[in-house]
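Encoded as structure tokens, the structure appears first; notes follow it.
Values in this text are rule-based calculations from the coordinates and carry no lab data. None of these values were measured; they are calculated from a predicted model.
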Amino acid sequence: MPTPTEPAEILRLAGELLQVVLRRTHLSSAPDLATIVAEEARTIGVDHLALYILDHEQKCLVPVPGPGVENHHPVPVQGTVVGRSFIASSIRESHGDGEGGACGCHYWTARSALV
């Protein structure tokens, strides 16, 4: 399946993915969450997925340990594409050397149910 590029389609698929993830993880332990979300994301054409959670001070989004996030690092909420996506609960696109340690074209979306 090709990776969707239209924001409405991404949002629709993200909603469906969230429903499946919630169904699969309601009895799972916290360390399993990133792996399950990454598995389900592949079913909609996502090659790489990293989950970020808000730190206690609410200043940075911190990557959740999981497959493929070894090179990711915390990203400030203020002044970043990732932070703007989180604050606005909207989809944001970034290109090039990505925030959080990723490269290429990225779509960031905030899902407060996962945070």
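If you plug each phi of region 75-90 into the Karplus form 6.51 cos²θ - 1.76 cosθ + 1.60 with θ = phi - 60°, what whole-Hz ³J(HN,Hα) values come out, in order, with x for Gly and Pro?
With coefficients 6.51, -1.76 and 1.60, one gets 10, x, 6, 7, x, 10, 4, 4, x, 5, 4, 5, 5, 8, 6, 9 Hz.
Long-range amide H contacts for Val64: which residues qualify at under 5 Å (H placed 1.01 Å from N, peptide plane, sequence gap of 5 or more or a different chain)?
Here the answer is Leu51, Tyr52, Ile53, since their amide H atoms fall under 5 Å of that of Val64.
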